[in-house]
Amino acid sequence: MKNTVNPKEFFSNLSSHPSKQLGQNFIKDYRVIDRIVNVSELSSDDEVIEIGPGLGALTFALAEKARRVVAIEKDKKLADYLSQSFHDHSNVELINQDALKVDYNKIYYGHKLKVIANLPYSVSTPLLFKLLEAREYLSSMVLMLQLEVGERIAASPGGKTYGSMSVLLQTFMDITSEFRVSPESFWPKPKVDSVVLKLIPLKTPRTKVSDEVLYERVVRAAFSSRRKMIGNSLQSILSKESAAKSLELAGINKKRRAETLTIEEFGALVAKVSMLETQP
Ligand code: SAM
């Protein structure tokens, strides 16, 4: 499967270096690629979006299995190289653009897409929220992330890593942590471990969310000051009275801290905030 150029040679031939800003750490351990492909459960009917194909190590493996691979690469130099490498692969489409600016519904032709990526760590958080927004077009996401970010996403209530990102993503998606990857598997070697997560959009959210914008506002406000009691942190968006009333109606003690609330409790709280806001 070794179709791709050695990244170190590629950059040395160009007398240049991988970009830190673009999170360029290329997979050099092909067993990691096999494991990502296995977790993705690809079939010949699948359509895939790969974010940040780099020099195509993962892209070649995806193109062997899937019907269609749309690879979105921001770096022009890499995108130019990739369009030459894949010129005889009719199932691979290259988009030289920032994945944060791509309109995913334009790539969707009626068949839900699988997103598979060794994400650029520099933009993994905004990309996750972009994918959350695009979830109606996606059947699953298999993403390699910085371990610390992966832990925050998959965290359960009560722990230090449980925060707004855990709540917002887990409300709308099933998330499983698949396997860890050591820095040795990449060139250049990143400073931290990585993890591969699988995210599957839920048909109905884990808790009733009638207003997604309000849900996000309340969750973010609740976690805005982790050491504060929730009754106080909600005062960044609500009056003292509304904060206390909505918590009371939702059956949540105002002295609790946001990291102890379950997703269902956030759902109940936002429903009460919404009810109070719409009352004359
Ligand atoms: N997929 C390759 C691999 O696993 O070897 C490269 C992965 S590397 C961690 C991340 C890739 O994402 C780089 O090729 C980088 O240029 C690209 N990238 C960074 N920011 C991007 C963005 N906003 N949109 C699209 N691609 C981006």
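I need the calculated FRET efficiency for the pair E241 and K191, taking r as the beta carbon distance and R₀ as 45 Å, to the nearest 0.05.
Once the sixth-power term is evaluated, E becomes 0.45.
With θ taken as phi - 60° and the coefficients 6.51, -1.76 and 1.60, list the Karplus ³J(HN,Hα) couplings across segment 90-103 in order, rounded to whole Hz; mark glycine and proline as x.
6, 8, 10, 10, 10, 10, 8, 7, 6, 4, 6, 9, 6, 8
Could you tally the net charge around I252, taking each other residue with its Cβ under 14 Å from the Cβ of I252, Lys/Arg +1 and Asp/Glu -1?
+2
Tell me the relative contact order for the chain as a rounded percent, counting alpha carbon contacts under 8 Å between residues six or more apart.
Reported relative contact order: 15 percent.
Rounded to the nearest 5, what % of DSSP beta bridges with both residues in the chain are antiparallel?
45
Sticking with the crude label model, points 7 Å out along Cα→Cβ, report the distance from K76 to E184 in nm, one decimal please.
3.9
Kindly identify segment 196-241 as rounded, prolate or oblate by the Cα gyration tensor criterion: order the square roots of the eigenvalues as a ≥ b ≥ c, call it rounded if a/c is under 1.5, otherwise compare a/b with b/c, prolate if a/b is larger, else oblate.
Because a/c hits 1.5 or more and a/b fails to exceed b/c, segment 196-241 counts as oblate.
Near the amide H of R257, under 5 Å away, which other amide H atoms are found, from residues 5 or more places off or on another chain, if H is placed in the peptide plane?
I230
Residues with amide H under 5 Å of F186's amide H, sequence separation 5 or more or different chain, H placed in the peptide plane at 1.01 Å from N; which?
The answer is K28.
For segment 17-145, what does the convex hull of the Cα positions come to per residue, in cubic angstrom?
Given the Cα convex hull of segment 17-145, per-residue volume reads 99 Å³.
On a C-alpha basis, how far is the centre of segment 142-178 from the centre of segment 208-258 in Å? Whole number, if you could?
Each part reduced to its Cα centre gives a spacing of 20 Å.
How much length is gained if the chain between S225 and T278 is pulled fully straight, taking 0.36 nm per residue apart and subtracting their Cα-Cα distance, in nm to one decimal? Mind showing how you got there, number by number?
Details: separation 53, 0.36 × 53 = 19.08 nm, distance 2.64 nm.
Here the segment from S225 to T278 would lengthen by 16.4 nm.
Using modelled backbone amide H atoms (1.01 Å from N, in-plane), which distant-in-sequence or interchain residues come within less than 5 Å of F179's amide H?
Here V196 satisfy the definition.
Taking 4 °C and 1.567 mPa s as the conditions, I'd like the Stokes-Einstein D for segment 212-278 in µm²/s, using the Kirkwood hydrodynamic radius from alpha carbon pairs.
115
Using Cα centres only, tell me the gap between segment 52-90 and segment 1-41 in whole Å.
First find each Cα centre; the distance between them is then 12 Å.
Mind ranking 140-147, 118-125 by how tightly packed they are, going by the mean number of other C-beta atoms within 10 angstrom, highest first? Kindly include the intermediate steps, with their values, before the conclusion.
Values: 140-147: 22.6, 118-125: 20.2.
Result, highest mean Cβ count within 10 Å first: 140-147, 118-125.
Give me the Kirkwood hydrodynamic radius of the chain in Å, from all C-alpha pairs, to one decimal place?
Answer for the chain: a Kirkwood hydrodynamic radius of 20.2 Å.
Determine, from the Cβ-Cβ distance of L249 and R67 and an R0 of 45 Å, the FRET efficiency 1/(1 + (r/R0)^6), rounded to the nearest 0.05. Numbers along the way, then the final one.
Numbers: r = 50 Å, r/R0 = 1.12.
It comes to 0.35.
Can you tell me which of 28-35, 72-79 comes out highest on packing, and rank the rest after it, using the mean Cβ neighbours within 10 Å?
72-79, 28-35
What does the charge count near K76 come to, summing +1 for each Lys or Arg and -1 for each Asp or Glu among other residues with Cβ under 15 Å from its Cβ?
Around K76, the charge tally is -1.
Per the helix-only calculation at 222 nm, which mean residue ellipticity applies to the chain, given -39500 (n - 2.57) for every DSSP H run of n ≥ 4 and division by its residues, nearest 500 deg cm²/dmol?
One gets -11000 deg cm²/dmol as the mean residue ellipticity at 222 nm.
Sum up the charges of everything whose Cβ sits under 15 Å from the Cβ of M141, counting Lys and Arg as +1 and Asp and Glu as -1, but leave M141 out.
Taking every other residue near M141 into account, the sum is -3.
Values quoted throughout were computed directly from the atomic coordinates according to the rules given, and no laboratory measurement underlies them. The shown structure was predicted, so the numbers you read here are calculated from the model rather than taken from an experiment. Note: ideal-geometry Cβ built from the backbone for every residue, glycine included; neighbour counts use all protein chains shown.
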